[in-house]
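Here's the structure we're looking at; comments come further down.
The values are calculated or read from the model by the stated rules, or taken from the named source; none is laboratory data. The model shown is predicted, which means the values in this text are computed figures rather than measured ones. Every residue, glycine as well, gets a Cβ built from its backbone with ideal geometry; the counts of neighbours run over all protein chains shown. Each accessible area value is taken on the protein alone, full model and side chains, heavy atoms only, with ligands, DNA and RNA left out. Shrake-Rupley method; radii C 1.70, N 1.55, O 1.52, S 1.80 Å.
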Amino acid sequence: EFQASGAITSSPLLVDGQILFGSRDAHLYCLDAATGDLLWSLPTSSGVGSSPCSQDGRVFVGTYDGRVLGVSRATGAVEWEGTTGGRIVSSPCIVNDLVVVGSYDGAVHAFRHATGERAWKFAAGSVVRASPEPAGAHGIVVGTSGGRVLHLDTTDGSLRWEHTLPTAVHAQARWDAGRDCVYVGSLDGSLTRFPMDGGDAEWTIRLGSEINAQPRLADESVLVGTGKGRLLALDPANGETLWSTEAARGFDACPLVLGERVLAPSYDGTLHVLNLADGSQLERQDVGSEVFASPTSGQGLVYLGTMGGTLRALALP
């Protein structure tokens, strides 16, 4: 395990034997994924709740003071810096040669990943906390605090289609390429499936409390957690519940699916290991502090950040 000085709400990224993540202690960290040794840390002048992404030897992340950083993965040196007009908790994504991210300034921003040059800016009308989801050719889907669900063309930032939900969308959407649709969770606890052709919602299911995490696709189900501590497997065709389980506090992180197992951390500081087929509990582990960041896996390990500032590498159960 590795101890940062502030909460970790940034989900770790595993790439080329490195684990990269941000912390509210105003640092971006890079660890050796096998040993946890610190390879470098970058002071960022403000907290990092955004989760990093990487391409061509660079890592990209947003900061609470509204900056987007392009950082060398080898050295931790900042190679370029872009600015938005507000706080960033949205996690950037890479689409072709662009880094795309939302901001509290009410816009979605795109920067050239090689240089940091601004490519375009789309005025979304309200705060964009949600992370953009790559969806279709040259497209992203992203929700806003005003309830708008936007499908943008990343070649020029133009609007392909939009829908409006009754409440804010803070969670990242999930694109389902096989079914040509996207699943969007919102703060009123509803999960909605939209077709990628821009047509009306195919179904909406109300789950009782806010959805803070991106849904996860798993075989013939969609896994989604709620802020009051329910994790559900839904039928993607109609949203009907296949199984559900509960925790003392919220399933605010996107669960992992590893073979026939689901690894789902909850905000009460428990890692739940579940049977994907029926949701039955196989194992649970106390991870020492609340969990909001989504875990990642690789090299036979699960990497998990906590609100207590600890990044843990756990052996797969």
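Testing residue 296 on (1) out of contact with any Pro (no Cβ under 8 Å at 6 or more places or on another chain); (2) over 16 Å from residue 190 (Cα atoms), one condition comes back false. Which one is that?
So the condition that residue 296 fails would be (1).
Residues to consider are 146, 136, 189, 178; find the one that is open to solvent by 10 Å² or more (accessible area, probe 1.4 Å) and in contact with a Gly (Cβ under 8 Å, 6 or more places away or on another chain).
Answer to the selection: 146.
I'm checking my understanding of the structure. Among residues of the stretch 20-52 that are over 17 Å from the mean Cα position of the chain (by Cα) and of a type in the set (S, T, N, Q), which one is modelled with the lowest pLDDT?
Taking the candidates together, the pick is 45.
Given 51, 90, 72, which one is open to solvent by less than 30 Å² (accessible area, probe 1.4 Å) and out of contact with any Lys or Arg (no Cβ under 8 Å at 6 or more places or on another chain)?
After ruling out the rest, the residue left standing is 51.
Any idea which of 231, 276, 304, 258 is closer than 29 Å to residue 177 by Cα and open to solvent by 20 Å² or more (accessible area, probe 1.4 Å)?
Of 231, 276, 304, 258, the one residue that is closer than 29 Å to residue 177 by Cα and open to solvent by 20 Å² or more (accessible area, probe 1.4 Å) is 258.
Any residue at all in the stretch 217-235 that is closer than 16 Å to residue 252 by Cα, among the charged types (D, E, K, R), at pLDDT 95 or above and under 16 Å from the mean Cα position of the chain (by Cα)?
no
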